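Below is one structure, written out as structure tokens, with a few remarks after it.
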Amino acid sequence: MVLAVLCLAVAASTDAQEWSRFRGPNGSGIVDDAGYPTTFGPDRNLLWRTAVRPGKSSPVLSRRHIFLTAYDGGSLYTQCFDRKTGRLVWERAEQPLRHEDAHVLNEPSAATPVTDGDNVYVFFRDLGVISYDAAGAVRWKRPMGPFSNRMGAVTSPIIAGTALVMVLDQFDSSSIVALSLATGDVQWTAPRAETDAWATPVLYEQTGAAPQIVTASGGQYGAHAIATGERLWTHKGLAPAIVASPVVSGDTVVGFGYGYDATEPFAGPLAKLDADKDGRLSVQECGTSAWLIGIAKYVGNRDGFVVESEWNEAWAATIAPSSLVAVALEKDAAGRIKPRELWRYEKSFVAVVPSPLVLDGLVYTIKGGGILTVLNAKTGAVVKMGRVGAVPASYSASPVSAEGRLYFANEDGRLAVLRAGKDWEVIADNEIGEPLFATPALAEGRIVVRGDKSLFCFGSH
């Protein structure tokens, strides 16, 4: 009976068209409804526009509302907007309990919230998890951290069954945690061998098997039971640095990460940053480099300084091929899932943030400069490669799709629309007018886009 309830809960969450979590239905980035515009902007097909506080988290949609998180003036904000009009319904501010070091792009509110259709659940690495109801009242709070993650803890929470699930991979005491949606109490926690990573998990359910939480982290895929957190399987072979989130398509999981070919000499940063010329770098001398600060705090003797041996140790852990890896989730004779690698594509994914998208037998990945690579989902063979947009740009937002079209938002404030397929082509290149870091949300023919200062809703009616 319990398994049946869990299966129904997972099916409801993965089949629903509501954009309730990072990248929408089960993190796929794909919706099945219609009516989305291809050309839009501040003066075209704009249904409404409203001001938002600064932040890079992506919008999620409940039945009536749009939720965002933000960081402004030293406070952590949750904002709620009306879906139809864009009106700010409420916002709530919390004070951080601390300030953890992070990559410059990973601001304190970067994790995307999740909603169960009415309530919203937000994670701030400098505070923990908070749940608000639809009217903005606090339902519960769960302090968490501090975290030993050199780029800053940022994985977005998901809902699995009756729980809010978070993957907290870090240098010390990595774990996956399930909190009660109703109370915030810990339902279970399971240790993980993975170190710091930043991917949001997805759900997987195979006919006749229990639902699972699938993760991608340093060097490996993994899976945990929704009911208990038990580790069900591990598949090694991923790259060491995992930023983009994995995607489950049918009985295949696809994801990528990056590594480096060789260790960079310590002499370079030492000559540039060693102000007191003592042959080592203090945390203060590291400036804003999350990589260097992470070495000072979490590698070697952790004394707050970087020396050459610690530099080399940190780099050694990153020496591996960058790779996009597809793994089949097959059952053995006993009915247990045994992952099997289908193919890998070993090209550079260094610092690539956008997650892949799998649509109609093709895998889409976009890199810095706007280079789009399309691969055959069964074989990994490259089908087509080219640039999205006339001008190279940086991409943080993940691609999304509706009606056989792909939407790509870049940091220069343009949102390109492509006809999907082996011979993909750009059919519109829309100027939004603000930098775009957040992944757009799609629902009911409307495109919700978070810019640097505004929240936009585009639609043809």
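The values are calculated or read from the model by the stated rules, or taken from the named source; none is laboratory data. What you see is a predicted model; the values in this text were computed from it and never measured. Neighbour counts run over all protein chains shown; Cβ positions are idealised from the backbone, glycine included. Accessible surface areas use protein heavy atoms only, side chains included; no ligands, DNA or RNA. Shrake-Rupley method; radii C 1.70, N 1.55, O 1.52, S 1.80 Å.
Quick notes on this structure:
- Simple Cβ-charge dipole of region 314-357, Lys/Arg +1 and Asp/Glu -1, about Cα centre, in debye nearest 20: 100 debye
- Theoretical FRET efficiency, 1/(1+(r/R0)^6), r = Cβ-Cβ of residue 284 and residue 379, R0 41 Å, to 0.05: 0.20
- For residue 207 and residue 303, a Förster radius of 51 Å and the Cβ-Cβ distance give a FRET efficiency of 0.45, rounded to the nearest 0.05.
- Taking all protein chains into account, the per residue accessible area for region 308-402 stands at 41 Å² (1.4 Å probe).
- Assigned charges on the beta-carbon of Lys, Arg, Asp, Glu; the chain dipole about Cα centre (debye): 720 debye
- Looking at region 183-236, the accessible area is 36 square angstrom per residue; that uses a 1.4 Å probe and ignores ligands, DNA and RNA.
- A protection proxy built from the mean count of other Cβ atoms within 10 Å ranks the segments 245-258, 310-323, most packed first, as 245-258, 310-323.
- Amide H contacts of residue 196 (H built 1.01 Å from N, in plane; Pro and chain starts excluded): 170, 171 sit under 5 Å, all sequence-distant by 5 or more or on other chains.
- Loop GluC sites (Glu not before Pro), region 180-248, which have at most 14 other Cβ atoms in a 10 Å radius of their Cβ (DSSP): 230
- The amide H of residue 432, built 1.01 Å from its N in the peptide plane, has 414, 415 as neighbours under 5 Å, considering only residues 5 or more places off or on other chains.
- Along region 42-52 the Karplus relation, 6.51 cos²θ - 1.76 cosθ + 1.60 evaluated at θ = phi - 60°, assigns HN-Hα couplings of x, 10, 9, 6, 8, 7, 6, 8, 9, 6, 10 Hz to successive residues, with x for each Gly and Pro.
- Using θ = phi - 60° in the Karplus curve 6.51 cos²θ - 1.76 cosθ + 1.60, the 3J(HN,Hα) couplings for region 119-128 round to 7, 10, 10, 10, 10, 10, 4, 8, 9, x Hz; x is entered for Gly and Pro.
- Nonlocal amide H pairs with residue 454, under 5 Å, H built at 1.01 Å: 52
- Computed about the Cα centre, the dipole magnitude for region 336-441 is approximately 700 debye when only Lys and Arg (+1) and Asp and Glu (-1) carry charge, each at its Cβ.
- Burial order of peptide ranges 180-192, 208-220 (average beta-carbon count within 10 Å, highest first): 208-220, 180-192
- Pairs from the table (236/367; 84/422; 272/453; 141/347) lying more than 32 angstrom apart at Cα are 84/422; 272/453; 141/347.
- Look at the dipole of the chain built from charges on Cβ: of 119, 178, 154, the Cα furthest out on the positive end belongs to 119.
- Local charge for residue 342 was computed over the other residues whose Cβ lies under 12 Å away, with Lys and Arg +1 and Asp and Glu -1, and equals 0.
- Region 81-104 and region 379-399 have Cα centres spaced 31 Å apart.
- Apportionment of accessible area to carbon and sulfur, the chain, percent (1.4 Å): 53 percent
- Over all other residues within a Cβ to Cβ distance under 12 Å of residue 327, the charged ones net out to +1, with Lys and Arg as +1 and Asp and Glu as -1.
- Region 387-461: C-alpha gyration tensor shape, a/c 1.5 cut-off, then a/b vs b/c: oblate
- Within-15-Å neighbourhood charge of residue 52 [Cβ basis; K, R +1; D, E -1]: +2
- Accessible surface, region 120-159, averaged per residue in Å² (probe 1.4 Å): 26 Å²
- Which of 398, 55, 28, positive extreme of dipole for the chain (C-beta unit charges): 28
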